[in-house]
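**Student:** One structure, as structure tokens, below. Some questions next.
The values are calculated or read from the model by the stated rules, or taken from the named source; none is laboratory data. Here the structure is a predicted model, which means the values were calculated and not measured. Positions of Cβ are generated from backbone atoms using ideal geometry, with glycine treated the same way; all protein chains shown enter the neighbour counts. The protein model used for the area step is the full one, side chains on, heavy atoms only, and it has no ligands, DNA or RNA in it. Shrake-Rupley method; radii C 1.70, N 1.55, O 1.52, S 1.80 Å.
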Amino acid sequence: MRLRNIPRADAVLDACPLVVKEPVACRGKWNTDIFQNEHPIHIEIGMGKGQFLLTLAAQNPQVNYIGIERYSSVLLRAVEKLEAPLDARNLRFLCIDATTLTDIFSPGEVRRIYLNFSDPWPKARHARRRLTSKEYFSRYDRVLASGGQVEFKTDNRGLFDFSVEQLETSDLWELTACTYDLHHDGLMNEGNVMTEYEEKFSSLGNPICKLIAGRKSDRHICI
Ligand SMILES: C[S@@+](CC[C@H](N)C(=O)[O-])C[C@H]1O[C@@H](n2cnc3c(N)ncnc32)[C@H](O)[C@@H]1O
């Protein structure tokens, strides 16, 4: 998703107290300095206009949420949805590219990573840019806590098959759950919060795929 450049975006994000301007300085200190509690941190990479994360943050005050979006013109839409920014104590936004993830979070600092309708990067030479590539899973390994999980939804079957293959050929990661039709899977759909893209593509009749990935070494851990 890339909206046209919106001139006011940078000024609005600068003025929003929920947008963290220097996230590298927060590495290892998100709980103590930013949220000032010990609640688990869940992040969404490529949050788009924010419907998913804003809904979860309102539903789960006992979880800290951080939304990551690389385009200010897109993040602007999420910020503009907030009714009372100062009341959203468990929510922060970062306008960064996720390649910098390990500069932003220290090992074990993140409990869950959400990837929703990630850009497919269809050309084979761009495969490493896909958020479910081995390169990205290696970044996730460096920030996720023991027992932490990655949850991924998409209607793009090619990207989903690629993602499943990345996990099935990984020494470190494994699929812990998988469905090719989320909205008709009673168990996996329980409590599902729809994203903007999910609403759009499921209304066209596209089945939604979802997987949950965890580390093989965490099999015994319940969180
Ligand atoms: C197709 S949209 C999906 C938006 C939203 N998750 C949804 O499901 O409605 C993908 C979003 O991810 C963002 N994105 C893609 N790659 C990114 C990266 N490496 N770092 C941060 N954001 C990224 C894009 O700018 C875009 O807004």
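**Student:** If the Cβ limit is 8 Å and pairs must be 6+ apart or interchain, which residue in the stretch 8-19 that is more than 13 Å from Leu94 (Cβ to Cβ) and in contact (Cβ under 8 Å) with a residue 40 or more places away in the chain pairs with which residue that is of a type outside the set (S, T, N, Q) and surrounded by 11 or more Cβ atoms within 10 Å (Cβ to Cβ)?
**Tutor:** Hits for this filter: Arg8/Leu76; Ala9/Leu75; Ala9/Leu76; Val12/Leu76; Val12/Val79; Val12/Glu80; Pro17/Pro85.
**Student:** Of everything in the stretch 138-153 that's under 17 Å from Cys178 (Cα atoms) and of a type outside the set (Lys, Arg), which residue is surrounded by the most Cβ atoms within 10 Å (Cβ to Cβ)?
**Tutor:** Taking the candidates together, the pick is Val150.
**Student:** What's the number of the only condition in (1) touching a Leu at 6+ places or on another chain (Cβ under 9 Å); (2) at pLDDT 95 or above that Phe201 fails to meet?
**Tutor:** Every condition holds for Phe201 apart from (1).
**Student:** Since His220 meets every condition but one in (1) away from the ligand (no atom under 14 Å from the Cβ); (2) touching a helix residue (DSSP H, G or I) at 6+ places or on another chain (Cβ under 7 Å), which condition does it not meet?
**Tutor:** For His220, the exception is condition (2).
**Student:** Do we have any residue at all in the stretch 61-70 that's open to solvent by 30 Å² or more (accessible area, probe 1.4 Å) and of a type in the set (Ser, Thr, Tyr)?
**Tutor:** Within the stretch 61-70, not a single residue is open to solvent by 30 Å² or more (accessible area, probe 1.4 Å) and of a type in the set (Ser, Thr, Tyr).
**Student:** Within the stretch 54-155, considering only helices (runs of 4 or more DSSP H) that don't extend past its boundaries, which have at least 3 residues that are under 22 Å from Val20 (Cβ atoms) and of a type in the set (A, V, I, L, M)?
**Tutor:** 72-81
**Student:** Can you work out which of the residues in the stretch 25-53 that are among the β-branched types (Val, Ile, Thr) and under 22 Å from Ala78 (Cα atoms) is nearest to the ligand (Cβ to nearest atom)?
**Tutor:** Within the stretch 25-53, the match that is nearest to the ligand (Cβ to nearest atom) is Ile45.
**Student:** Within the stretch 161-168, does at least one residue satisfy the condition of being free of Cβ contacts under 8 Å to residues at least 40 places away in the same chain, within 16 Å of the ligand (Cβ to nearest atom) and surrounded by fewer than 15 Cβ atoms within 10 Å (Cβ to Cβ)?
**Tutor:** Within the stretch 161-168, none of the residues are free of Cβ contacts under 8 Å to residues at least 40 places away in the same chain, within 16 Å of the ligand (Cβ to nearest atom) and surrounded by fewer than 15 Cβ atoms within 10 Å (Cβ to Cβ).
**Student:** Can you name the residue in the stretch 180-217 that is among the acidic types (Asp, Glu) and within 16 Å of the ligand (Cβ to nearest atom) and is also surrounded by the fewest Cβ atoms within 10 Å (Cβ to Cβ) among such residues?
**Tutor:** Step by step, filter the stretch 180-217, then rank; the result is Glu199.
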